[in-house]
Structure formats: structure tokens, C-alpha cells
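Quick notes on the structure that follows.
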Amino acid sequence: MAKDWDLIITGGRVFTPSGLVEADVAVAGGRIADIGKLDAAKADEVFDAKGLTVLPGVIDTQVHFREPGLEHKEDLESGTRAAVMGGVTAIFEMPNTSPATIDAAALNEKLTRAEGRAWCDHAFFMGASAENAENLGELERLPGCCGVKIFMGSSTGSLLVPDDDTLRRALRSIRRRCSVHSEDEPRLKERFELVREGGKVAQHPEWRDVETAVRSTKRLLRIAREVGRRVHVLHVTTAEEVPLLAAAKDVATMEVTPQHLTLAAPYCYEELGSLAQMNPPIREARHREALWEAIRLGIADVVGSDHAPHTLQEKQAPYPRSPSGMPGVQTLLPLLLDHLNAGKLTLERLVDLTSAGAQRIFNIAGKGRIAVGYDGDFTLVDLRAKKTIEHDWLQSKSGWSPFEGKPITGWPMATIIRGHVAMRDGELLGGPTGRPVRFMETLPQGAGA
Ligand code: DOR
């Protein structure tokens, strides 16, 4: 006889909207069906979570998976595999692929490629350009799209909205919250002279300095207010932007990355060379401490990994030709758990920054909390496990992490996506069954471009 539930997770401490409770959780048809003291005999599959903490599935809202076009660095299969191994149940992927994701065809191409190859749920950003600025309001609402991404400063790839007029045009068209890489392009160009003839990677935060970020974020907030739109400032790196963003909660949300919360200049460049090079850069410790303060005070809304893989060989090019970015989707949660154990953040903050925050910012449908009716997405962690980030555990095609060899307290022990156990004790299970993430603001199927 068919049982009531497909899966029951028993004996764990479950992070529910009512708090952390000892409870069983049942999943049927991919959705959470019940929470409480439940009868395990009513489920086909029983997952014994004794000793584990059951968190809402971790959502990484900023990754670069390089497919199509740059699959030697990463592809949708390897990137999502890394995600699932690190306890991540859903990812939002950036548009600076080749070709860039700037129209409906490119978005559909990514969705098609992800089918049967993605290990976790996924959505794709639509890149803004001068050419598609007026169409963004339609494009951002296509199924499988998590919103628009604007690069105000040049980074990897050619997507760019360098001037106020194009920014205004793009934002006017956009209705959803728009994600922005905030570095001021004119100042970046001007200051490139500092390193053009060959500099040291330790100068990266000098070229892309604090003023470059602050100037851009001020422009962005001014124009967002002027046109009445909401923005999401990605990978904030400076102490100076934190009060600006705290005073702009009417229009702006804020992302921080584990890299900027963990590493600091100049040591990271001495130890890691160009492996520590990313945009915006890792800065001195005072900025790192300000980002922690933003987390403590609730100003930061979400943690995204900015997983940006490049091969070690590419990274060896002399600075400034060495590419910016480092892999991170697999280490996002272990690093945060380690910081939690070091007293840098609470479990409540960790959950908000990795699931509920993502849901709020992007209006995700049916994810971001453990509640009846929501997707059966869970990240099961052992808060006390002691492990080391080992080379062999890493799944990214790029084959490295700046955190290799780092001892960690707290570890993802299982990743469950819509009731399917995708990873358990470091082993992948079943196949890649990821699906597009659903959003409240998506056009009904068949509508739009
Ligand atoms: O360091 C970075 N790398 N920052 C970005 O904004 C892009 C990313 C990449 O795609 O390599």
C-alpha cells in the first residue's frame, strides 16, 4: 500500500519558524507535509538525523558556473555537484558566461543544459547591457530567472553598465529587486594606471580602492531612489558602505561573502598571491570587522559565495592579467559553521543569511524555511564535527580552494532537495535531479518573450 510520505527525517533538532525544536519532518511529493512527533512507519524512507541539526536548505544566491563557453573552469554539473557536497540546495548563477545571458534564448539554453545535469535547484540571472536595458522588465520575469544583474564596474567578462543614463534606463525597466556589482567604472579606469605596467597583487585593493566602491554605491542608491526601484548590493567590502546601506533599507539589501568575512589584506596576498584576487577585493581587517558588525546588527541580508572559478594555470598569469575570483560554493557553509563555533554569529543569523534572507530578497516561492507546504529542502549539519577542508573533497573543476587545509568545526552531513537525499556523509546519492527555482514574480508559463 502506498505510504503517506516519501521521506521522514527523525530525531534531529529542527530549525522551524517557532525556533529550534526536537521534531520529525515528513515530506510528500517534494513538499513538507508535517512537522512534530510523527509515525515513521508512514514513510517510505526514514532518515535518522539523531545528533544532527536540520536547517532550511542553504541557498547560494551568487555563483559563476561558466557554462556555456568557459567549461574548462566549471560547468553546471560540476558546479552544482560542489554545491550539494557543501550542503547547498539551490544556486543562482551569474550571467557573465560566453555568450552572456542577455536574452530569453540564452536563459533557455542554460535551463536546458541544467536539465538532468544539475545536482541542485537553480535559477539564472539576466545580465543588463545598454542593448537590452528596455527589455529587462520582461526578461527578468521569465521562468527560471532570479532577476537582473548589473555590473557597474568591469570584472570578468564584458557585461557593463558604466554610466548613470544606462543605469537609469535599466532600473526604470526592471520591477524586481536588481542585483548589482558596485564598483565605479570611471574610477577603475583612471586608477588602472597604478598597475598597468605590472604591479603586485597586494595592490589590488589599492587599484580597486574604497572610494571606487563607495562612489558607485552612492550613485546606485541615488538613482534607485530617483526611479523608485529596489536594489541588492552584491559582495559589499568596505566599512564605509555599511552605514550607507543601513540608511537605505527602503531601497537596498546587502550581501557579504565568506571570503571577505574570513580573509584580510595584506596577509591574504602574502599567503595566497593571486589566488586571493577577487572583485571587489579583499581589504584590510578593519573592513572585515565592519562586515561582521553588519551581520551582528542585521544590516547584512544574505551571504553569497561569489563562487568564481579560474584554473590555477590562469591564476598564475602575472598581475594584473591574473583573473579575479575564487571558488567558494562548497566552502560557504563550512566556513560559516566554523565562524559560528568561534562565536562570530548565531545559528539564527546563519539561517537567515543562508535561506530566509535569500527568500525575502528574491521572492522565492516555496523555499527558505522549514514549514508545511514549503519544498522539502534541508541542510543537515553536525555543529560539533571537526574536519579539514581537503583537496580531494573539492568538486569544482578549477580544482582548488583558498581554504584548503583549514580546520573547521561544524560540517554539512546531508543535503536533501525536495525530499531527495542528494548527499549524505560526503557521498553523492542518486543522480542530478535539480529543477528551476520558482519565484512569486515569474510570468505565467507561456507568457512573455
Ligand atoms: O572576482 C570576481 N570574479 N568578481 C566578479 O565580479 C566576477 C567574478 C568572475 O566571474 O570571475
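The values are calculated or read from the model by the stated rules, or taken from the named source; none is laboratory data. Remember, predicted model here, so these are calculated numbers, not experimental data. For neighbour counting, all protein chains shown are included, and Cβ atoms are generated from backbone atoms with ideal geometry for every residue, glycine included.
Below are the figures for this structure:
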{"item": "Test: residue 153 is in contact with a strand residue (DSSP E or B) (Cβ under 8 Å, 6 or more places away or on another chain) and either at pLDDT below 95 or within 16 Å of the ligand (Cβ to nearest atom) (or both)", "result": "yes"}
{"item": "Elements of type strands (runs of 3 or more DSSP E) contained in segment 27-144, each with 3 or more residues being surrounded by fewer than 24 Cβ atoms within 10 Å (Cβ to Cβ) and at pLDDT 95 or above", "result": "31-36, 43-48"}
{"item": "Selection count, segment 145-168, where residues are surrounded by fewer than 20 Cβ atoms within 10 Å (Cβ to Cβ) and either farther than 30 Å from residue 322 by Cα or among the charged types (D, E, K, R) (or both)", "result": "4"}
{"item": "Unique residue being of a type in the set (A, V, I, L, M, F, W, C) and either more than 22 Å from residue 216 (Cβ to Cβ) or within 16 Å of the ligand (Cβ to nearest atom) (or both) when the list is 282, 299", "result": "282"}
{"item": "Residue 272 being part of a helix (DSSP H, G or I) and under 15 Å from the mean Cα position of the chain (by Cα)", "result": "no"}
{"item": "Meets criteria (charged (D, E, K, R) and more than 16 Å from the ligand (Cβ to nearest atom)) for residue 208", "result": "no"}
{"item": "Pick from segment 371-408, criterion out of contact with any helix residue (DSSP H, G or I) (no Cβ under 9 Å at 6 or more places or on another chain) and outside any strand (DSSP E or B), ranking: surrounded by the fewest Cβ atoms within 10 Å (Cβ to Cβ)", "result": "392"}
{"item": "Residues satisfying the stated conditions in segment 264-279, i.e. within 12 Å of the ligand (Cβ to nearest atom) and either surrounded by fewer than 20 Cβ atoms within 10 Å (Cβ to Cβ) or within 20 Å of residue 188 (Cβ to Cβ) (or both)", "result": "274, 276, 277, 278, 279"}
{"item": "Restricting segment 174-186 to residues that are surrounded by fewer than 21 Cβ atoms within 10 Å (Cβ to Cβ) and more than 16 Å from the ligand (Cβ to nearest atom), the residue that is farthest from the chain's Cα centre (by Cα)", "result": "186"}
{"item": "Cβ-Cβ under 7 Å pairs, at least 6 apart or on other chains, segment 268-292 side of a type in the set (Val, Ile, Thr), far side away from the ligand (no atom under 16 Å from the Cβ)", "result": "282/264"}
{"item": "Unique match (being hydrophobic (A, V, I, L, M, F, W, C), within 20 Å of residue 438 (Cα to Cα) and more than 14 Å from the ligand (Cβ to nearest atom)) among 90, 41, 82, 49", "result": "90"}
{"item": "Residue list for segment 223-252, filter: small (Gly, Ala, Ser) and surrounded by fewer than 19 Cβ atoms within 10 Å (Cβ to Cβ)", "result": "228, 246, 247"}
{"item": "Residues within segment 194-235 that are in a loop (DSSP other than H, G, I, E, B) and farther than 20 Å from residue 282 by Cα, tallied", "result": "4"}
{"item": "Where a residue in segment 409-429 is assigned to a loop (DSSP other than H, G, I, E, B) and its partner, wherever it lies, is of a type in the set (Val, Ile, Thr) and surrounded by 21 or more Cβ atoms within 10 Å (Cβ to Cβ), with Cβ under 7 Å and at least six apart", "result": "419/27"}
{"item": "Some residue of segment 303-314 being in a helix (DSSP H, G or I), more than 12 Å from the ligand (Cβ to nearest atom), in contact with a Lys or Arg (Cβ under 9 Å, 6 or more places away or on another chain) and farther than 25 Å from residue 193 by Cα", "result": "no"}
{"item": "Qualifying position, being out of contact with any Cys (no Cβ under 7 Å at 6 or more places or on another chain) and not acidic (Asp, Glu), among 148, 242, 231", "result": "242"}
{"item": "Tally of residues being surrounded by 21 or more Cβ atoms within 10 Å (Cβ to Cβ) and either over 18 Å from residue 276 (Cβ atoms) or more than 11 Å from the ligand (Cβ to nearest atom) (or both) across segment 316-332", "result": "5"}
{"item": "The one condition in (1) away from the ligand (no atom under 14 Å from the Cβ); (2) outside any helix (DSSP H, G or I) that residue 261 fails to fulfil", "result": "(2)"}
{"item": "Residue check, residue 217 within 23 Å of residue 169 (Cα to Cα) and surrounded by 19 or more Cβ atoms within 10 Å (Cβ to Cβ)", "result": "yes"}
{"item": "For residue 359: the one exception among (1) outside any helix (DSSP H, G or I); (2) out of contact with any Ser or Thr (no Cβ under 8 Å at 6 or more places or on another chain); (3) away from the ligand (no atom under 16 Å from the Cβ)", "result": "(1)"}
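Let's see how each residue does on (1) touching a His at 6+ places or on another chain (Cβ under 7 Å); (2) touching a residue at least 24 places away in the same chain (Cβ under 8 Å); (3) within 16 Å of the ligand (Cβ to nearest atom); (4) polar (S, T, N, Q):
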position: 115; (1), (2), (3), (4): no, no, no, no
position: 122; (1), (2), (3), (4): no, yes, no, no
position: 128; (1), (2), (3), (4): no, yes, yes, no
position: 139; (1), (2), (3), (4): no, yes, no, no
position: 142; (1), (2), (3), (4): no, yes, no, no
position: 149; (1), (2), (3), (4): no, yes, yes, no
position: 157; (1), (2), (3), (4): no, yes, yes, no
